[in-house]
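Here is the structure we will look at.
The values are calculated or read from the model by the stated rules, or taken from the named source; none is laboratory data. Since we're looking at a predicted model, the values are computed, not measured. Cβ atoms come from the backbone with ideal geometry, glycine included; neighbour counts cover every protein chain shown. We work out accessible area using only protein heavy atoms, side chains counted, and drop any ligands, DNA or RNA first. Shrake-Rupley method; radii C 1.70, N 1.55, O 1.52, S 1.80 Å.
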Amino acid sequence: MVGEVMNPPEPKPAKKKHHPQKTTAQKDNSVYQPEGVTLFEDFSNGEEGGLNHFLALLADSLPTDRTVNIAYYGDSFIEGDILTADLREMLQTRYGGGGPGWVEPGPNFGSFRPTVNVSWSNVSEHAVVNRGFIPALQGPSQRYYLLSRYAAFTAKASSKYEHAAQWQRMHLFLRSQVPSSVMFGPSQDRMTVKPILPSDAVQTFVLNGSSRSVTCGFGESPSNIQLLGITLDAAKGIALDNFSMRGIPGHSLAYMPLNTMQQIARYRPYDLVILHFGLNAVGAKSSQAEAEAYIGKMKQAITHMREACPGASFLIVSVSDRDQRSAQGIHTIPQVKQLVALQRAMAQQLHVGFFNLFEAMGGEGSMADFVNRGEANKDYTHLNFKGGKRLAELYYKAILAGVENYKRRMDAEEGDDE
């Protein structure tokens, strides 16, 4: 049986152990660092915004009444679920969970995903990179979708990833200033009709039950509806949302509507927010002043996102290696290393986590190595899915090492209290 509920009560916070938040220094020999793994750096001193919240959920017992939610924001480097598809699969294999996470219900640059197949009709995308975009209408993916007569969309599971191939719960997020209705169900012959109430607030519709497909349809006059997206997940375990947008530098996140994020957080509170930008911020001719101006805008965006996702852990991911041809061969663009240093300093100043992806993937000239192995495109900038899987493994090992080091730190601090 499949049940559906409209706007259920706000879920209770996840129960977890409460560890003391001391800043006891670690001895070098107490740090667990597997060979070849670049560790996360945490500049929070145990305060909110650092990695402790997320690591504690994985180190202790995961919530039983909700998923542990990860929002991964990035540009074309992760478009189409590159990297995130494999990272999601690895985390769900270890910690449980299922489904592809957040799904865009209409056309967009990242509409091709190996983790889910989406079809739609009479649905138009409005993204932050488009003219006429209204920031106040956007959802967490920096998009909203407008509908015309008899609009509909269907999401079907893909068999390419085991854990994405089935889910137990769908959340549909939308907003409407006029009364309307929506039909949804696991198939066209098992649809339920629900009223949409006139409201400025985000409305959420829930479809419970194990499924590999979901269809949503609207009636004759849905023109006042702003569709934000759907989530497809298990009831517990890990959920990872890919929020990629081609061509953006990232500072547009400063205009994310706080009320929208807070309303969605009733059903999907984010435990870890990953911010992975930089490819569109600097180029071979960028100056130091331009890079510093970009960092200034990103500080504003990250500060705003921390307000939008209170209590979440934040992880700034450095720009990846980016190479170019020269008379001397293929080399890293000098501005990349400059930006990595600025991004790390930004994480320090904002007291959040940092992951040096440039170093993790091999440092200078590493993108050329990815190309030579058939793991990246010959623009020496973007990964393919094979390369995405390699980087996902580096992420996964860094997360596991972070969990182990969190346990060691907590054990040492509890021992100091005895």
Given (1) modelled with pLDDT of 95 or more; (2) outside any strand (DSSP E or B); (3) in contact with a helix residue (DSSP H, G or I) (Cβ under 9 Å, 6 or more places away or on another chain), identify the lone condition not met by VAL282.
(1)
What's the number of the condition LEU51 fails, among (1) modelled with pLDDT of 95 or more; (2) open to solvent by 30 Å² or more (accessible area, probe 1.4 Å)?
(2)
Within the range 123-136, which residues are surrounded by fewer than 16 Cβ atoms within 10 Å (Cβ to Cβ) and either among the β-branched types (Val, Ile, Thr) or touching a residue at least 24 places away in the same chain (Cβ under 8 Å) (or both)?
SER124, VAL129, ILE134, PRO135, ALA136
Taking the range 292-335, which residues are at pLDDT below 95, of a type in the set (A, V, I, L, M, F, W, C) and either over 16 Å from GLY362 (Cα atoms) or open to solvent by less than 20 Å² (accessible area, probe 1.4 Å) (or both)?
ALA327, ILE333
If a residue must be touching a Lys or Arg at 6+ places or on another chain (Cβ under 9 Å) and on the phi > 0 side of the Ramachandran plot, how many such residues does the range 200-239 contain?
2
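Hey, any hits in the range 359-368 for a residue that's on the phi < 0 side of the Ramachandran plot, free of Cβ contacts under 8 Å to residues at least 40 places away in the same chain and in contact with a strand residue (DSSP E or B) (Cβ under 8 Å, 6 or more places away or on another chain)?
Applying the first criterion (on the phi < 0 side of the Ramachandran plot) to the range 359-368 yields 359-361, 364, 366-368.
Keeping just the survivors that are free of Cβ contacts under 8 Å to residues at least 40 places away in the same chain gives none.
No, because not a single residue in the range 359-368 is on the phi < 0 side of the Ramachandran plot, free of Cβ contacts under 8 Å to residues at least 40 places away in the same chain and in contact with a strand residue (DSSP E or B) (Cβ under 8 Å, 6 or more places away or on another chain).
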Quick check on GLY139: is it at pLDDT 95 or above and at positive phi?
no
Residue that is farthest from GLY139 (Cα to Cα) [pool: residues in the range 58-84 that are within 12 Å of the chain's Cα centre (by Cα) and among the polar types (S, T, N, Q)]:
THR84
Quick one: what pairs do we get from the range 64-85, first residue in contact (Cβ under 8 Å) with a residue 60 or more places away in the chain and open to solvent by less than 10 Å² (accessible area, probe 1.4 Å), second acidic (Asp, Glu) and assigned to a strand (DSSP E or B), C-beta under 6 Å, 6+ apart or different chains?
VAL68/ASP271; ASN69/ASP271; ALA71/ASP241
Name the pairs: first residue in the range 42-63 and over 21 Å from ALA308 (Cβ atoms), second residue of a type in the set (S, T, N, Q) and assigned to a loop (DSSP other than H, G, I, E, B), Cβ to Cβ under 6 Å, at least 6 apart or on different chains?
ASN45/THR23; GLY46/GLN21; GLY46/THR23
Name the pairs whose Cβ atoms lie under 9 Å apart, with the first residue in the range 198-216 and under 13 Å from VAL103 (Cβ atoms) and touching a residue at least 60 places away in the same chain (Cβ under 8 Å), the second open to solvent by less than 30 Å² (accessible area, probe 1.4 Å) and among the polar types (S, T, N, Q), and 6 or more positions between them or separate chains?
VAL214/THR154; THR215/THR154; CYS216/THR154
Which condition from (1) farther than 20 Å from VAL118 by Cα; (2) surrounded by 24 or more Cβ atoms within 10 Å (Cβ to Cβ) is the one that GLY139 breaks?
(1)
Output the number of the condition that GLN263 fails; it satisfies all remaining conditions of (1) more than 27 Å from PHE112 (Cβ to Cβ); (2) modelled with pLDDT under 95.
(2)
Having 2 or more residues that are under 30 Å from ALA291 (Cα atoms) and polar (S, T, N, Q) is the bar; report the strands (runs of 3 or more DSSP E) wholly within the range 192-249 that clear it.
237-244
Answer yes if at least one residue in the range 355-363 is of a type in the set (Asp, Glu) and modelled with pLDDT under 95, and no otherwise.
no
Take the residues in the range 173-189 that are under 27 Å from the mean Cα position of the chain (by Cα) and more than 11 Å from ILE225 (Cα to Cα); name whichever of them is modelled with the lowest pLDDT.
PRO186
